[in-house]
Amino acid sequence: MPTARISHLIPDGRRLAVAGTRQVLLHEGMPGDEVRYAVVPGRGRTPRGELEEVLNPSADRRTPPCPFSANCGGCDLDALTEEAQREARTELVARATERSWDQRPMLFPVAPFSAYRARITLHLDGGQVGYRAPRSHDLVPVDVCRIARPEIQDAHRKLVDFIARHGHEGLSDVELRSDGARVIYAFVSDGSVPRALREALGELGDVALDGRTHTGDPTLTLDVLGLSLRASPRAFYQVHLEANLALVGLVVAAVQEARPQRIVDLYAGIGNLTLPLARDGGAPVVAVEREGQATEDLRHNAEQAGLTDQVSVVTRPVERWDPSREPFDVVVLDPPRIGAKGVVDKLVLQRPRRIVYVACHVSSALRDLQPALAQGYFVRRVQLVDLFPDTHHVETVLVVDRGDQR
């Protein structure tokens, strides 16, 4: 079997291993490992392989702190030291953006590094609670998740005990959601939950079922730079509460720097960026988000913050929004992992002075920004926030300016 040394990560989390001029993509191993692998048949410019053995481990390896990570696949970098993880994530983005940016991206490490996640989604299968194995539908039973916040860990243990006593007939998944104090259980069902189980769910406390209130109060209140943001059971918010504060601060500073007259915030959600921008960004904000719980929360949050005069809410999918109807000179977008394909094409027709793109998948962002770069825009700055410790994921803020502002 061939051998190679793992060089670095690529944005989808795979590892690029190199031996001379030969390269191979692996799903496992750590940068710096010398490995033996088997070639996997398939198409693509770079061959794929399956790790068979680590011959010489990287000097940056450590004993994984979680007994489940080898099987659940969620924490794919927890076998690296914290410093080496941050270097690996920075290197991933630096390589991805090398054609757009001639300086190394700046990474902002944020505590805590472990026990940080304020949201985890657990699957219920065969009377057990856990995560799906990577590239598989197999359930990996997990009785506690080390990267979850302490209050989430407590709720997880309570859930495991509940399922052992009552089962989970008709329930397939549950998201445990925390605002740093309270935890709510947001269950997903197939519509056939027995009455006895429905009634028993009240033992857990604040519960939502298929997005609706079941028992207690399944809404959360997030503190974002002094603003109180309501988050309903199906509304998105960042998994690392402390890192989110750093992220919002970076975005607001990047917008302020451009001295905007009118700001557009795309994929606005509950107002995580919209409301700090409206308060501190120096200009009114048009917030675009599809109709749903998030926009209901956004309106509520703007009213509670006394910012309704500064915020206009457009309830429409961003991909169907017409930017020619709204005057603006700075635009912020924070799309889901799949990106915002086709959106920037329309934005650049309005020639905004600055685009601030917040990405959890840098390749999607670079793909989306190509129409702007082709029209003379350039990447002025790349900043990283360590939102996802123990994984290859990293939040990237790309500040993109019009060419006449070099």
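The values are calculated or read from the model by the stated rules, or taken from the named source; none is laboratory data. Being a predicted model, the structure only gives us computed values, none of them experimental. Note: ideal-geometry Cβ built from the backbone for every residue, glycine included; neighbour counts use all protein chains shown.
Each row is one residue, and each column tells you yes or no for (1) surrounded by fewer than 23 Cβ atoms within 10 Å (Cβ to Cβ); (2) under 14 Å from the mean Cα position of the chain (by Cα); (3) at pLDDT below 95; (4) of a type in the set (A, V, I, L, M).
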{"residue": "Asp345", "(1), (2), (3), (4)": "yes, no, no, no"}
{"residue": "Gln350", "(1), (2), (3), (4)": "yes, no, no, no"}
{"residue": "Gln370", "(1), (2), (3), (4)": "yes, no, no, no"}
{"residue": "Asp390", "(1), (2), (3), (4)": "no, yes, no, no"}
{"residue": "Val397", "(1), (2), (3), (4)": "no, yes, no, yes"}
{"residue": "Arg406", "(1), (2), (3), (4)": "yes, no, yes, no"}
Is it true that Ala278 is more than 17 Å from Tyr116 (Cβ to Cβ), surrounded by fewer than 24 Cβ atoms within 10 Å (Cβ to Cβ) and without any contact (Cβ under 8 Å) to a residue 40 or more places away in the chain? no
For segment 149-196, how many residues are assigned to a strand (DSSP E or B), more than 21 Å from the chain's Cα centre (by Cα) and among the polar types (S, T, N, Q)? 2
Among the residues that make up segment 292-299, is at least one of them modelled with pLDDT of 95 or more, surrounded by fewer than 21 Cβ atoms within 10 Å (Cβ to Cβ) and touching a helix residue (DSSP H, G or I) at 6+ places or on another chain (Cβ under 8 Å)? no
Would you please name the residue that is surrounded by the fewest Cβ atoms within 10 Å (Cβ to Cβ), looking only at residues in segment 243-275 that are of a type in the set (Val, Ile, Thr) and assigned to a helix (DSSP H, G or I)? Val252
Criterion first (in contact with a Pro (Cβ under 7 Å, 6 or more places away or on another chain) and within 30 Å of Gly403 (Cβ to Cβ)) does Val93 satisfy it? yes
Any residue in segment 228-239 that is of a type in the set (A, V, I, L, M), surrounded by fewer than 20 Cβ atoms within 10 Å (Cβ to Cβ) and outside the structural domain of Leu201 (by TED's automatic domain parsing)? no
Does any residue of segment 121-129 turn out to be among the acidic types (Asp, Glu) and outside any strand (DSSP E or B)? no
Among what's in segment 353-368 and is in contact (Cβ under 8 Å) with a residue 60 or more places away in the chain and in contact with a strand residue (DSSP E or B) (Cβ under 9 Å, 6 or more places away or on another chain), pick the residue that is surrounded by the most Cβ atoms within 10 Å (Cβ to Cβ). Val356
Taking Val174, is it in contact with a Phe, Trp or Tyr (Cβ under 7 Å, 6 or more places away or on another chain), more than 16 Å from Asp297 (Cβ to Cβ) and buried (at least 16 other Cβ atoms within 10 Å of the Cβ)? yes
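Answer yes if at least one residue in segment 315-327 is within 20 Å of Leu227 (Cβ to Cβ), part of a loop (DSSP other than H, G, I, E, B), modelled with pLDDT under 95 and touching a strand residue (DSSP E or B) at 6+ places or on another chain (Cβ under 8 Å), and no otherwise.
Among the residues of segment 315-327, not one is within 20 Å of Leu227 (Cβ to Cβ), part of a loop (DSSP other than H, G, I, E, B), modelled with pLDDT under 95 and touching a strand residue (DSSP E or B) at 6+ places or on another chain (Cβ under 8 Å), which makes the answer no.
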Got at least one residue in segment 38-56 being within 16 Å of Gln85 (Cβ to Cβ) and part of a loop (DSSP other than H, G, I, E, B)? no
